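A.B. asks: Provided herewith is a single structure, encoded as structure tokens, for subsequent inquiry.
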Amino acid sequence: MQFNSSITEFESLPLILNPTIDEAEFDNKPVEVPLSKQSIVGLTGESGNSVGQRCHSLAHQKSEELRQMFLAHRHERHLVILQDFPDPDALSAAWAYQLIAQQYDIKCDIIYAGTLSHQENIALVKLTGLPAQRWTLQNLKSKDLSSYQGFVLIDNQGTTSGLVPMVQHVGIPLLVVIDHHNLQGDLKSEFVDIRPDVRATATIFTQYLQMGLLNLDSSINQHVKCATALMHGLRSDTNRLMQAQEEDFMAAAYLSKFYDAQLLNAVLQANRSKRVMDVIERSLKNRIVQNNFSIAGVGYLRYDDRDAIPQAADFLVTEENVHTAVVYGIVHDEDDELEVVIGSLRTSKLTLDPDEFIKEAFGQDSSGRFFGGGRTSAGGFEIPMGFLSGSNENSAYAKMKWEVFDAQIKQKLLRLVSPKDNLIQSE
Ligand SMILES: [Mn+2]
């Protein structure tokens, strides 16, 4: 193992901090004046500095556009597609979308292809009655998709969902994209609100609520639960508000009037399963630490335990002298004989942009699609195993296959972590 305090090579990579709003572009635009009474409250705070006003004006404009979109699509039925492994931010924002759309007699089905694997996500859905449904690629074929007039992407841009290509294939148009990840390609959608400078999609939705797209009412149980879910989504995407910015705090302040603190506490109390603990243990055993990066391959894990990977990364990054942790493994789905390499990155280093790092480390596939990306302090990647997928009955073969992927991923990561010695360190 090599400890090297110099990370200058690494820092010379084009890593950027969270993109800031282009001052010039915004200053040329007059701040919008026609605001409804309600919309002024809570978004900028009393002082209403220029940053707050800019955000406010954008939130106002987007809320209006979205309202027009809903009006134009009254009485329709839409699919709200989440990433295959939806997180609280996605789940809560989708619910808010569904409640807003209901007012226009638009029926939304919130769907995801993968599974809810984090114990907090399972608790969130169970305890709030959050109306998300799992549609596997298998049972998608048995659904009557002709009843849907459009689909909606929330907290993703279609690159992390296996359902999107199939929905596009049957000709359902993309109507809405609301996300806070970096733009991932050309999107043909009627309404787009992508704000990479916002920490959580839940923040964007809370702003829509504040702008009057839905008037939260504490006496309506569902509103209280949705506000609680949004609070959870916002907290989890901002590392319990530690990475929250003014907008997120303002959104949290607004939600604080409606959410159920006890319910949120119950969601957060959910315990880890033994299998998740075992994956964390493997990550501890297998990790190598180099230049303040902790890298661990955890071998094979079940589809339902996929979320153990980010949880292991969360844990590894807490080690002294480690600022960034990357954990990966081969996730296999026994039903579909499907295998994919899944990885998670967590960093406390402010100058490390997970999105840049992952794109730089793993590059693109043959169709130009990146294997992953990220946001502030967190990122992830998925590498399909194609022809090598499945057929693990022979344990020697399975072992060999893991070793190849393990070595290849380490090599790609270490190329960035310590650019000089492009060798795999073995321990
Ligand atoms: Mn998010």
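Any read-out appearing in this document is the output of simple, stated calculations on the displayed coordinates, not a laboratory observation. Nothing here was measured: the structure is a model prediction, and the numbers come from that model. Cβ sites come from the backbone with ideal geometry, for glycine too, and all protein chains shown count toward neighbours.
A.B. asks: Hey, got a sec? Which trypsin sites (Lys or Arg not before Pro) in region 310-413 land in a DSSP loop and have at most 13 other Cβ atoms within 10 Å?
C.D. replies: On the way: sites: Arg346, Lys349, Lys359, Arg369, Arg375, Lys399, Lys401, Lys410, Lys412; in loops: Lys349, Arg369.
Those that pass, being in a loop and sparsely packed, are Arg369.
A.B. asks: So how tilted is helix 119-128 from the main axis of the chain? Cα-based, degrees 0 to 90, rounded to 10.
C.D. replies: 20 degrees
A.B. asks: Using the alpha carbon gyration tensor of the chain, what are the three equivalent-ellipsoid semi-axes (square root of 5 times each eigenvalue), largest first, in whole Å?
C.D. replies: Over the Cα atoms of the chain, the ellipsoid semi-axes are 36, 26, 20 Å.
A.B. asks: Could you list which residues have their amide H under 5 Å from that of Ser273, counting only those 5 or more apart in sequence or on another chain, with H placed in the peptide plane?
C.D. replies: Those lying under 5 Å, H to H, from Ser273: there are none.
A.B. asks: Further, regarding this structure: Please enumerate, by chain and number, the lysines with C-alpha under 18 Å from the C-alpha of Lys143, excluding those fewer than 8 residues away in the same chain.
C.D. replies: List returned: Lys107.
A.B. asks: So between Leu284 and Arg369, what do we pick up on full extension, going 0.36 nm a residue minus the alpha carbon distance?
C.D. replies: 27.5 nm
A.B. asks: Moving to a separate point now. Using only Cα atoms, find the angle between the long axis of helix 274-286 and the longest principal axis of the chain, and express it within 0 to 90 degrees, rounded to the nearest 10.
C.D. replies: For 274-286 against the chain, the angle is about 50 degrees.
A.B. asks: Of the DSSP beta bridges with both residues in region 31-268, give the percent that are antiparallel, rounding to the nearest 5.
C.D. replies: Approximately 0 percent, going by the DSSP bridge assignments.
A.B. asks: How far, in degrees from 0 to 90, does helix 201-210 lean away from the longest principal axis of the Cα atoms of the chain, to the nearest 10?
C.D. replies: Result, in degrees: 10.
A.B. asks: Explain nothing, just compute: Karplus ³J(HN,Hα) = 6.51 cos²θ - 1.76 cosθ + 1.60, θ = phi - 60°, for every residue of region 307-313 in order, whole Hz, x for Gly and Pro.
C.D. replies: 5, 4, 5, x, 5, 5, 5
A.B. asks: Hey, another quick one. Karplus couplings for region 70-81 from phi (6.51 cos²θ - 1.76 cosθ + 1.60, θ = phi - 60°), rounded to Hz, Gly and Pro as x?
C.D. replies: Computed from phi, the couplings for region 70-81 are 4, 4, 6, 10, 3, 6, 9, 10, 10, 9, 9, 9 Hz.
A.B. asks: Can you pick out the pairs among Lys141/Lys401; Lys359/Lys420; Lys359/Lys410; Lys126/Lys225; Lys285/Lys420 whose Cα atoms lie more than 23 Å from each other?
C.D. replies: Violating the 23 Å Cα-Cα cut-off are Lys141/Lys401; Lys285/Lys420.
A.B. asks: Here is a follow-up. Please compute the net charge surrounding Ser377, taking Lys and Arg as +1 and Asp and Glu as -1 over other residues with Cβ under 15 Å from its Cβ.
C.D. replies: -3
A.B. asks: Along the three principal axes, how long is region 31-268 when you take its alpha carbons, biggest first, rounded to the nearest angstrom?
C.D. replies: 54, 39, 34
A.B. asks: For the chain, what proportion of DSSP beta bridges, expressed in % and rounded to the nearest 5, is antiparallel?
C.D. replies: Approximately 45 percent, going by the DSSP bridge assignments.
A.B. asks: Cα centroids of region 290-337 and region 110-133: how far apart, whole angstrom?
C.D. replies: That distance is 21 Å.
A.B. asks: Counting helices only, and only those DSSP H runs with n ≥ 4, report the 222 nm mean residue ellipticity of the chain as the sum of -39,500 (n - 2.57) divided by its residues, in deg cm²/dmol to the nearest 500.
C.D. replies: -12000 deg cm²/dmol
A.B. asks: Another question, if that's okay. Would you pull out the residues with amide H under 5 Å of Cys108's amide H, same chain only if 5 or more places away, H placed 1.01 Å from N?
C.D. replies: Amide H neighbours of Cys108: His78.
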